[in-house]
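The values are calculated or read from the model by the stated rules, or taken from the named source; none is laboratory data. Everything quoted here is computed from the prediction, not taken from an experiment. Cβ coordinates were reconstructed from backbone atoms using ideal geometry, including for glycine residues, and neighbour counts include every protein chain displayed.
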Amino acid sequence: MSFVKIICGVIIGVLLIIKLRGEGSPISIYLSLALSLFVIFYCVDKMTYVIDFFDDVTSKIGIETGYLEILLKIVGISYLSEFTSNICKETGCTAVAGQVEISGKLTILVLSMPVLFAIVDTITEVL
């Protein structure tokens, strides 16, 4: 499915959500969630190409695959926390959305520590 079809489907879904919200229907929240999941699954499916590319590059260059795994986890966490935060904001739970964003940032910070330690070790070896 091409990206243009996804965008057209999203626009139609958003217009339907706006119509349902105007009528006060609670179904609009569920439709919004379904539409968001549809888009995120499309993106996850396309990520396989990126992962395959990084696998090829790391095998040719000889970089440790652990750093690539950390990078991909960080990207995944940022996308998922943004997705969850947006869903929370749409349902009116802005405080929860803020907490989701903070927890995502802290998780990314913790995951990036091995990379930071490797950089510090490399710098101290050079000096």
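Under the condition of being within 25 Å of the chain's Cα centre (by Cα), assigned to a helix (DSSP H, G or I) and not hydrophobic (A, V, I, L, M, F, W, C), the residues counted in the stretch 1-39 number 7. The residues listed here are SER28, SER59, SER36; of these, the one that is within 30 Å of SER112 (Cβ to Cβ), modelled with pLDDT under 85 and surrounded by 12 or more Cβ atoms within 10 Å (Cβ to Cβ) is SER36. Looking across GLU23, GLU82, one residue alone is at pLDDT 85 or above and surrounded by fewer than 13 Cβ atoms within 10 Å (Cβ to Cβ). It is GLU23.
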